[in-house]
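The values are calculated or read from the model by the stated rules, or taken from the named source; none is laboratory data. Small disclaimer: the values here were computed from a predicted structure and weren't measured. We place every Cβ from the backbone using ideal geometry, glycine too, and count neighbours over all the protein chains shown.
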Amino acid sequence: MFDTAVQQPAHLDDRDVARDRFDAIRQQTESLAANLTPEDQAIQSMPDASPTKWHLAHTSWFFETFILGPFDSGYRVFDPAFAYLFNSYYEAVGPRHPRPQRGLLSRPTVDAVGAYRDHVTTAILRLIERAGATTWGEVAPRLELGLHHEQQHQELILMDIKHVFSVNPLLPSYQAPRPYALATSAPTGWVEFAGGLCEIGHAGPGFAFDNEGPRHKVWLDPYRLASHPVSCGEYREFIADGGYRRAEFWLSDGWATAQQQGWQAPLYWQGEEGEWRLFTLSGERRIEPAEPVCHVSFYEADAFARWAGKRLPTEAEWEVAAELTSGGAPPAGNVADSGHFHPCPDASRAGADAGLRQMIGDVWEWTASPYIAYPRFRPVAGAIGEYNGKFMSNQMVLRGGAAVTPADHIRITYRNFFPPSARWAFSGLRLAEDA
Ligand SMILES: [Fe+2]
């Protein structure tokens, strides 16, 4: 149950593969929403988060706008008003409903959004079956992008509903807790890498987002990575040592943000020293010292590393280490498919000789790298080019996927990104040091 092998999907050129994968991912999204009432699905608890209902509609809008509109001449738009309501950020496609006001949409209802999803799903399945060879050649890569887009929104549905439930005094549970192997905290080991002239970035085969390429050379001085992500127990020591009260550990912007927001612990931690409680998708409970700390901002991750006398790894250090230790095997870890929707302790903790553990899954790991273009990166032409490239400022890269990331969505080269103050993603950290 703990280690879910991550199988990279077969390529979608084959129509049978495309149909099965499309069916499975659309159904998976709907099964995530099935735990929720219509009232749950309509709420927006902060400007960054979106209602479940909006995610369900927006992922359908993506297929409608980028595949059915341009490639299916017989397609009948479900409701022309939805283009305004469910466009997220595509300037080239037209104006849109303001993001902070997505929670004000009592209409369309959850039922109407369900009918929209069915309408789009049926039309895409028909297109997969009937498109001519030339059209299919153009549709297949967009379908693959649309499915990875929908999987990103599956993770967002869980992130966002966790925040919605966390601000409800009743602290509702999204699901019952699942049993996992408990582990005692062992000292973190260190794994050394020689560095030198290395390569990072996606080189195929298989799907990757445009921001993962081109593959290119980087120079790395010798370095070490911690065997495990930082645990709740270790993070508790940082808090107890005045981590949130001592400016010397913090970047200037981070200190200002922490003061202004009143941060005293990670998001979803409640209580005080010695008695910390944690809100999860399975309700509130005591913190588990051996589990990776989660829901920290880049600023907190960086301050913790400074307190520990270490630093965050760069994304190149992370990727080279992950590639070397994977040995080409499919990456494995506690991802969404294991069903916990929360990071777990590493039950195999074997001390300093364990090698790198939990690189994939559990928590997205903040890196020291700004989210910028790789050398020779060019966004594709047109609206699809807005997918990743236009966000390349004022954000930091995270690596490795989390306990809410679908298994066949994550790759070693995958670059996630959030503003340095963001805490509602399942984000943690792993320490690095110079060798
Ligand atoms: Fe989206």
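Things to note:
- Restricting attention to segment 50-83, the residues that are more than 27 Å from Glu144 (Cβ to Cβ) and in contact (Cβ under 8 Å) with a residue 12 or more places away in the chain total 0.
- Index of the failed condition, Ile67 passing every other in (1) more than 15 Å from the ligand (Cβ to nearest atom); (2) not in a loop (DSSP other than H, G, I, E, B): (1)
- Taken over segment 71-93, residues that are surrounded by 14 or more Cβ atoms within 10 Å (Cβ to Cβ), in contact with a Lys or Arg (Cβ under 9 Å, 6 or more places away or on another chain) and assigned to a helix (DSSP H, G or I) amount to 4.
Residue-wise test of (1) touching a residue at least 12 places away in the same chain (Cβ under 8 Å); (2) under 29 Å from Trp424 (Cβ atoms); (3) crowded, with 19+ Cβ neighbours inside 10 Å; (4) within 16 Å of the ligand (Cβ to nearest atom).
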site	(1), (2), (3), (4)
Arg117	yes, yes, yes, yes
Val120	yes, yes, yes, yes
Ala133	no, no, no, no
Glu138	yes, no, no, no
Pro141	yes, no, no, no
Leu147	yes, yes, yes, yes
Leu158	yes, yes, yes, yes
Ser166	yes, yes, yes, no
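- Checked against the criterion of being more than 12 Å from the ligand (Cβ to nearest atom), surrounded by fewer than 17 Cβ atoms within 10 Å (Cβ to Cβ) and either part of a helix (DSSP H, G or I) or of a type outside the set (Phe, Trp, Tyr) (or both), segment 40-56 has at least one qualifying residue.
Here's the yes/no breakdown for (1) without any contact (Cβ under 8 Å) to a residue 12 or more places away in the chain; (2) surrounded by fewer than 17 Cβ atoms within 10 Å (Cβ to Cβ):
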site: Pro179; (1), (2): yes, yes
site: Gly196; (1), (2): no, yes
site: Arg224; (1), (2): no, no
site: Arg236; (1), (2): no, no
site: Ile239; (1), (2): no, no
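- Within segment 195-227, tally of residues that are under 19 Å from the mean Cα position of the chain (by Cα) and within 29 Å of His342 (Cα to Cα): 8
- Filtered residue count, segment 84-96, keeping only those that are within 16 Å of the ligand (Cβ to nearest atom) and without any contact (Cβ under 8 Å) to a residue 24 or more places away in the chain: 3
- Scanning segment 169-219 for residues that are touching a helix residue (DSSP H, G or I) at 6+ places or on another chain (Cβ under 8 Å) and on the phi > 0 side of the Ramachandran plot yields Leu171, Gly195, Gly201.
- Answer residue from segment 374-423, given it is over 15 Å from the mean Cα position of the chain (by Cα) and not in a loop (DSSP other than H, G, I, E, B) and is surrounded by the fewest Cβ atoms within 10 Å (Cβ to Cβ) among those: Lys390
- Being out of contact with any strand residue (DSSP E or B) (no Cβ under 9 Å at 6 or more places or on another chain), under 25 Å from Gly201 (Cβ atoms) and free of Cβ contacts under 8 Å to residues at least 12 places away in the same chain holds for only one residue in Gly328, Gly274, Gly262, and it is Gly328.
- Hits in segment 84-120 (condition: of a type in the set (A, V, I, L, M), in contact with a helix residue (DSSP H, G or I) (Cβ under 8 Å, 6 or more places away or on another chain) and modelled with pLDDT of 95 or more): Leu85, Leu105, Val110, Val113, Val120
Here is a yes/no grid of residues against (1) of a type in the set (A, V, I, L, M); (2) at pLDDT 95 or above; (3) farther than 25 Å from Ala265 by Cα:
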residue	(1), (2), (3)
Val293	yes, yes, no
Phe304	no, yes, no
Lys310	no, yes, no
Glu317	no, yes, yes
Ala322	yes, yes, yes
Gly327	no, no, yes
Pro331	no, no, yes
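- If the condition is being surrounded by 14 or more Cβ atoms within 10 Å (Cβ to Cβ), assigned to a helix (DSSP H, G or I) and aliphatic (A, V, I, L, M), then segment 94-114 contributes Val110, Ala112, Val113.
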